[in-house]
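**Q** Just dropping this structure here.
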Amino acid sequence: MAELNKLTDRILEEAMLQADEIKKEAKEKVDRLNLNSKKQAEQKYSAIVEKGALEAENLKERLRSNANLRARDNELKVKQETIQKVFESALEDMKNIKDEELISYIEKNAGFSEESLIIVPKGKVDIVRSRFPNAKISDERFADSGFIEIAGGIEKNFTFDTQVEYIKDDIQGEIAKVLFK
C-alpha cells in the first residue's frame, strides 16, 4: 500500500506541477492579452485624439475662411453702397443744373427736326422755349431732368437718370479706383 500512496502522491505532485504550469501559461497569456489590448486602446485613443485635433483645425480654418468671406462681402457691400451714393449725388447735382448748362446740353444733343417735340422739366419750359422759339416744347408732359426728344415716333431719352444708367457700368471701376486706392 505504501507503493500505492507513493504513486498517488507522485501523480498528485505531477498534477500540481502541471496545474501550476497551466496557471503560469494562462497568466502569461492574460498578461499578453492585457498588454495587447492596452496597446490597441492606446493606438485607438491616439487615432481618435489625432482625428479630433485635425477636425478641430479644419473647423477653425473653415470658421476663419467664413469670417474672411463675410468681411470681404461686407466690404464689397459698403463699397457698392458708396459708389451708389456717388451716382445718386452726381444725379442730384445734375438735376440742379443751371439754366445755361441745360440749354447747352439741349443744343448739343437735340436734333430739332420739324417734327421734333422736346420734353423738358416743368420749371424749365419757359426758359427753353425762349431760347428755342422755333422748337415744339411740350406743355403736357415733363421730364424729371435733362430732356426727351420725340421725332418720327421715336423717343430719344436724354434725361440725366437715363444717361447715368447708360454709363454706370463703364465708370464704376474708375470710381472705385478713385475712392478705394
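The values are calculated or read from the model by the stated rules, or taken from the named source; none is laboratory data. Just so you know, these numbers come straight off a predicted model, no measurement behind them. Positions of Cβ are generated from backbone atoms using ideal geometry, with glycine treated the same way; all protein chains shown enter the neighbour counts. Surface areas here come from the heavy atoms of the whole protein model, side chains and all, with no ligands, DNA or RNA. Shrake-Rupley method; radii C 1.70, N 1.55, O 1.52, S 1.80 Å.
**Q** Looking for whichever is modelled with pLDDT of 90 or more, open to solvent by 90 Å² or more (accessible area, probe 1.4 Å), over 24 Å from PHE180 (Cβ atoms) and not hydroxyl-bearing (Ser, Thr, Tyr) here; the options are LYS77, LYS60. Which one fits?
**A** Every option except LYS60 fails the conditions.
**Q** All but one of (1) open to solvent by less than 30 Å² (accessible area, probe 1.4 Å); (2) under 25 Å from GLU92 (Cβ atoms); (3) at pLDDT below 95; (4) in contact with a Ser or Thr (Cβ under 9 Å, 6 or more places away or on another chain) hold for GLU149; which doesn't?
**A** All conditions are met except number (3).
**Q** Additional query: Among the residues of region 10-20, is there at least one that is touching a Lys or Arg at 6+ places or on another chain (Cβ under 7 Å) and among the hydrophobic types (A, V, I, L, M, F, W, C)?
**A** Initial filter on region 10-20 (touching a Lys or Arg at 6+ places or on another chain (Cβ under 7 Å)): none.
Looking through region 10-20, none of the residues is touching a Lys or Arg at 6+ places or on another chain (Cβ under 7 Å) and among the hydrophobic types (A, V, I, L, M, F, W, C).
**Q** Is it true that ASN109 is farther than 24 Å from GLY152 by Cα and either open to solvent by less than 60 Å² (accessible area, probe 1.4 Å) or at pLDDT 90 or above (or both)? Write out each step before concluding.
**A** On the way: farther than 24 Å from GLY152 by Cα: no; either open to solvent by less than 60 Å² (accessible area, probe 1.4 Å) or at pLDDT 90 or above (or both): yes.
In short, no.
**Q** Of these, ILE175, ILE137, which one is modelled with pLDDT of 90 or more and of a type in the set (Val, Ile, Thr)? Steps first, answer last, please.
**A** Working: ILE175 fails: modelled with pLDDT of 90 or more.
Answer to the selection: ILE137.
**Q** From the set of residues in region 152-176 that are in contact (Cβ under 8 Å) with a residue 12 or more places away in the chain and outside any helix (DSSP H, G or I), which is surrounded by the fewest Cβ atoms within 10 Å (Cβ to Cβ)? Steps first, answer last, please.
**A** First, the residues of region 152-176 that are in contact (Cβ under 8 Å) with a residue 12 or more places away in the chain: 152, 156, 158-164, 168, 172, 175-176.
Still in the list and also outside any helix (DSSP H, G or I): 152, 156, 158-159.
Details: GLY152: 9, LYS156: 14, PHE158: 20, THR159: 20.
Checked region 152-176; the qualifying residue surrounded by the fewest Cβ atoms within 10 Å (Cβ to Cβ) is GLY152.
**Q** Sticking with this one: Checking VAL120 against (1) in contact with a Ser or Thr (Cβ under 9 Å, 6 or more places away or on another chain); (2) open to solvent by 70 Å² or more (accessible area, probe 1.4 Å): exactly one of these is not met. Which one?
**A** Looking at each condition in turn, VAL120 falls short on (2).
**Q** To continue, here is another question. Before we move on, is ASP144 outside any helix (DSSP H, G or I), at pLDDT 90 or above, out of contact with any Cys (no Cβ under 9 Å at 6 or more places or on another chain) and open to solvent by 60 Å² or more (accessible area, probe 1.4 Å)?
**A** It is true that ASP144 is outside any helix (DSSP H, G or I), at pLDDT 90 or above, out of contact with any Cys (no Cβ under 9 Å at 6 or more places or on another chain) and open to solvent by 60 Å² or more (accessible area, probe 1.4 Å).
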